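A short reminder: the numbers here are calculations on the coordinates, not readings from a lab. This is a predicted model, so every value here is computed, not measured. All Cβ positions, glycine included, derive from the backbone under ideal geometry; neighbour counts span all protein chains shown.
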Amino acid sequence: MSVDQATVRRIAYLARIAVTDEEVPHLEGEINAILSFVEALGAVDVAGVEPMTSVIPMKLPLRADVVTDGEIESLVLANAPLAEDDFFLVPKVIE
């Protein structure tokens, strides 16, 4: 796949980047070089290679997904300007 100068201008327009006529040929070459590199990556055989998120094997610490209220309801509501029946009171904003 190759990009022509009209496509470079279209990409610049979509990206909201100001590109002068002198810059277009250079950008055309740069974009074509990037696309040829991506095509070369597509030729690599990755069968049997598992996806990874880092080059260093890492295991994230997991915790139990338990829903709790934190048991500090009174402390949280103490910060509220207005509270009633263990709920925050907020002013009405829609008629």
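The H on the amide N of A83, modeled in the peptide plane, is under 5 Å from the matching H of L89, each at least 5 residues off or on a different chain. Once the Cα atoms are used to define both axes, helix 5-14 deviates from the longest principal axis of the chain by about 10 degrees. Against the longest alpha carbon principal axis of the chain, how many degrees, from 0 to 90 and to the nearest 10, is the axis of helix 24-42 turned? The helix 24-42 is inclined about 80 degrees to the chain. Across region 84-90, coupling constants 3J(HN,Hα) worked out from phi with the 6.51/-1.76/1.60 Karplus curve, θ = phi - 60°, read 8, 6, 6, 10, 6, 9, 10 Hz, and Gly and Pro carry x.
Considering only alpha-carbon pairs that sit under 8 angstrom and 6 or more positions apart, the relative contact order computed for the chain is 18 percent. A simple rule links phi to the HN-Hα coupling: the Karplus curve 6.51 cos²θ - 1.76 cosθ + 1.60 with θ = phi - 60°, which for region 55-63 gives 6, 9, x, 9, 10, 6, x, 10, 10 Hz, with x for Gly and Pro. Each Lys and Arg contributes +1 and each Asp and Glu -1, all at the Cβ; summed about the Cα centre of the chain, the dipole is approximately 260 debye.
The simple Förster model, with R0 at 30 Å and r as the Cβ-Cβ distance, assigns I94 and E73 a FRET efficiency of 0.65. The residue list A83, I17, S36 was ranked by how far each Cα lies along the charge dipole of the chain toward its positive end, using unit charges on Cβ atoms, and S36 comes out on top. Structural size metrics of the chain, computed from C-alpha coordinates, are Rg and Dmax of 28.2, 69 Å.
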